[in-house]
Amino acid sequence: MERAKRFEGKVAIVTASTQGIGLAIAERLGLEGASVVISSRKQQNVDAATQILSAKGIQVLGLVCHVSRPLHRKNLIDITLQKYGKIDVIVSNAAANPSVDAILQTQETVLDKLWEINVKATVLLLKDAVPHLQKGSSVVIISSIAGYNPPPSLAMYGVTKTALLGLTKALAAEMAPATRVNCVAPGFVPTNFASFITTNDAVRKELEDKTLLGRLGTTEDMAAATAFLASDDAAYITGETIVVAGGTPSRL
Ligand code: NAP
């Protein structure tokens with residue numbers, strides 16, 4: 001398909017982008033002309049994803065970055081600047097969901113990990129990046145439909161995703177007018193992260209039935225919404241969250 005080229009000449013960092021939603025976002029921004037910087041924890045995943053994107057003609061730089069490691073975050077920003085000299089788009093996509101326990105049964109170390117990766121790492125990455133963000137730049141934070149009504153098996157994870165809705169509003173105010181900050185709240189998408197869907201047909205059917213459109217989301221659905229918010233098509237939108245969940249109940 002012939003794509004618009006909304007990101008020609010732009011530099012985009014997408015965290016946790018060697019598979020799933022992050023990789024699809026990097027691909028979409030890249031196909032629309034961005035130079036993309038992809039990253040995740042494991043070098044072999046970075047290498048494989050870099051190859052996939054390069055083979056599609058995308059200008060891509062692949063780095064190892066575990067988002068809760070300060071040196072990894074610093075490296076991500078520093079090497080991006082060395083190679084491309086600026087940053088136009090940051091998509092903060094990393095998350096962990098280490099437990100299915102009820103909130104009051106969750107160990108403190110697990111609570112810390114959820115906070116560290118799902119919320120704090122976004123703040124700290126943006127803190128490092130902000131001096132280098134271009135005028136007209138854009139941040140997109142990836143939350144979740146679970147942020148609106150945290151389901152029992154995803155309860156504390158859901159609460160961290162609720163925090164990102166507030167973080168989006170607060171950062172939009174702090175970073176205006178130079179940088180817009182928006183959020184995408186995906187519905188359920190069959191990826192490794194959501195193995196409860198891919199490995200259990202009954203759960204999958206139940207989640208499909210909750211949508212109005214009769215299907216789960218795709219990584220490309222999430223990439224399309226993210227690219228819109230990151231692009232100048234959304235030049236007058238900041239502090240907002242788009243729910244991309246096929247009509248699954250979220251809010252009024
Ligand atoms: P995925 O397909 O499992 O991909 C996860 C990616 O994150 C991989 O590239 C992984 O690579 C990387 N990663 C994991 N931990 C990381 C860390 N600490 N630092 C840096 N990279 C890390 O997951 P996904 O479903 O695309 O999820 C992406 C985002 O969408 C998450 O924020 C998730 O909460 C959100 N979301 C997903 C769904 C869904 O149904 N799938 C629904 C709502 C929201 P390495 O293993 O090499 O690190």
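Read-outs: derived from the displayed coordinates by stated rules, not from any lab. It should be emphasised that the depicted structure is a prediction, and the values quoted were computed from it without experimental measurement. Please note: Cβ atoms are built from the backbone with ideal geometry, for glycine as well, and neighbour counts cover all protein chains shown.
With a ≥ b ≥ c the root eigenvalues of the C-alpha gyration tensor of the chain, is it rounded (a/c under 1.5), prolate (a/b larger than b/c) or oblate?
Working: a/c = 1.43, a/b = 1.33, b/c = 1.07.
It comes out rounded by the Cα gyration axes.
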For Thr18, the residues 5 or more places away or on another chain with a placed amide H closer than 5 Å to its own amide H are Leu23, Ser39
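Normalising by the residue count of the chain, find the relative contact order in percent from Cα pairs under 8 Å and 6+ residues apart.
Values: 511 pairs, mean separation 45.7, N = 252.
Rounded, it is 18 percent for the chain.
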Mean separation of Cα contacts under 8 Å (at least 6 apart) over the residue count of the stretch 75-200, i.e. the relative contact order in percent, is 27
For the stretch 11-244, the charge dipole (Cβ of Lys, Arg +1; Cβ of Asp, Glu -1; about the Cα centre) points to a positive end, and the Cα of Ala12, Ala235, Phe196 closest to that extreme belongs to Ala12
Assertion target for Glu174, Glu27, ordered by fewest C-beta neighbours within 10 angstrom first, is Glu174, Glu27
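Working out 0.36 nm times the residue gap between Lys86 and Lys5, then minus their Cα-Cα distance, what length gain in nm do you get to one decimal?
Values: separation 81, 0.36 × 81 = 29.16 nm, distance 1.88 nm.
Here the segment from Lys86 to Lys5 would lengthen by 27.3 nm.
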Going fewest to most other Cβ atoms within 10 Å around each Cβ, Tyr148, Tyr236 line up as Tyr236, Tyr148
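Going by C-beta contacts inside 10 Å, put Ile242, Ile38 in order with the fewest on the left. Intermediate values should be presented prior to the final figure.
Numbers: Ile242 19, Ile38 29.
Fewest-to-most ranking of Ile242, Ile38: Ile242, Ile38.
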The stretch 179-252 and the stretch 127-141 have their Cα centres apart by a whole-number Å value of 23
One finds the C-alpha centres of the stretch 13-62 and the stretch 146-175 to be spaced, in Å, by 25
Given pairs Lys5/Lys42; Lys56/Lys86; Lys86/Lys113; Lys42/Lys127; Lys74/Lys169; Lys5/Lys161 and cut-off 28 Å on Cα-Cα distance, the over-length ones are Lys5/Lys42; Lys86/Lys113; Lys5/Lys161
Phi angles of the stretch 92-100, converted by Karplus (6.51 cos²θ - 1.76 cosθ + 1.60, θ = phi - 60°) into ³J(HN,Hα) in whole Hz with x for Gly and Pro, give 9, 10, 6, 7, 10, 9, x, 8, 10
Plugging the Cβ-Cβ distance of Asp78 and Val203 into 1/(1 + (r/R0)^6) at R0 = 41 Å yields, to the nearest 0.05, a FRET efficiency of 0.45
So Glu108 and Ser195, fully extended at 0.36 nm per residue minus their Cα-Cα distance, gain in nm 28.9 nm
